[in-house]
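Below: one structure, written as structure tokens.
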Amino acid sequence: MQRRYEIFADYHQFYLWDQAESPDTALDYTDEDLHRRVKTAPFLVVIQPERNMSVPVELAIVDRAPDDALDRWDHVAEASLDLPSGRLEIHECTGGSIDVLTVAPGPYRVRAYFGGLGTLTDDGLDGEDHYRLVLWPAPAAPVAVIKHYADPR
């Protein structure tokens with residue numbers, strides 16, 4: 001399954017969560033969370049785009065971990081997401097629900113790809129940044145940065 005969205009990343013974040021769990025999004029952030037660009041809590045993964053605007057997001061749900069080249073991406077991180085209800089909701093920070101997708105209930109791994117991070121204007125409002133999320137069934141594991149982007153500014 002593949003979908004494309006324009007998601008308003010107010011406060012530089014949007015959420016993937018289990019719809020039935022209604023997780024609390026009032027989280028404390030550490031420097032490490034910001035460095036990883038992904039934050040987790042029970043039944044919740046927070047994606048932290050570079051821009052505080054609407055951003056293009058592609059989402060794919062697949063059967064196994066992707067084995068793709070990372071050279072076209074600036075930053076790649078992974079996190080686990082438990083979806084016991086089988087209802088994956090994509091939700092804006094200050095907006096509402098973007099979509100609800102039905103998946104097999106259980107634990108998933110989320111790989112978040114961040115591209116075009118160096119294209120933002122000085123005010124951070126415009127750019128060609130883009131994002132891809134891939135989910136697949138997998139046991140829970142800690143957040144991992146696979147490829148780190150160091151902002152040259």
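The values are calculated or read from the model by the stated rules, or taken from the named source; none is laboratory data. Predicted, not measured: the structure shown is a model, and the values here were computed from it. All Cβ positions, even for glycine, are placed from backbone atoms using ideal geometry, and neighbour counts span all protein chains on display. Remember, those area values only see protein heavy atoms, side chains included, never the ligands or the DNA or RNA. Shrake-Rupley method; radii C 1.70, N 1.55, O 1.52, S 1.80 Å.
For region 54-153, the set of GluC sites (Glu not before Pro) satisfying both a DSSP loop assignment and a count of at most 13 other C-beta atoms within 10 Å is given as Glu128. Of the residues Tyr131, Tyr149, the one with the largest accessible area comes first in the ranking Tyr149, Tyr131, computed with a 1.4 Å probe on protein heavy atoms. The relative contact order of region 78-153, computed from alpha carbon pairs under 8 Å that lie at least 6 residues apart in sequence, is 33 percent.
Report the FRET efficiency, 1/(1 + (r/R0)^6), for Arg87 and Asp33, where r is their Cβ-Cβ distance and R0 is 22 Å, rounded to 0.05. The value I calculate is 0.30.
Summing charges over neighbours of Asp10, with a neighbour being any other residue whose Cβ is under 14 Å away from its Cβ, gives -2 when K and R count +1 and D and E count -1. Estimated from the Cβ-Cβ distance and a Förster radius of 35 angstrom, the FRET efficiency linking Val103 and Asp123 is about 0.40.
Calculated from the structure at hand, volume of the Cα convex hull per residue in Å³ is found among [x] 106; [y] 222; [z] 124 as [x].
If each Cα of region 101-153 is one equal point scatterer, what is log10 of I(q)/I(0) from the Debye formula at q = 0.16, 0.19 Å⁻¹? Log-scaled intensity ratios, in q order: -0.65, -0.79.
Ser22 sits with roughly 90 Å² accessible to a 1.4 Å probe, with DNA, RNA and ligands left out of the calculation.
With every protein chain present, what is the per residue accessible area of region 28-121 (1.4 Å probe, Å²)?
That works out to 42 Å² per residue.
Here region 1-91 yields Rg over Rh of 0.94, to two decimals, using C-alpha coordinates and the Kirkwood radius. Sequentially through region 124-138, phi angles give Karplus couplings (6.51, -1.76, 1.60; θ = phi - 60°) of x, 8, 10, x, 10, 5, 8, 9, 9, 10, 10, 10, 8, x, 6 Hz, Gly and Pro residues having no value and appearing as x.
Where the centroid of each part is defined by its Cα atoms, how far is region 1-51 from region 116-138 in Å? The two parts, judged by their Cα centres, are 13 Å apart.
The alpha-carbon atoms of region 80-120, seen along their principal axes, cover 38, 24, 13 angstrom, with the largest extent given first. Per-atom-type breakdown for the chain gives carbon and sulfur 49% of the accessible area (1.4 Å probe, protein chains only). Using Cα pairs closer than 8 Å and at least 6 residues apart in sequence, work out the relative contact order for the chain, in percent. Reported as a whole number, the value is 29 percent.
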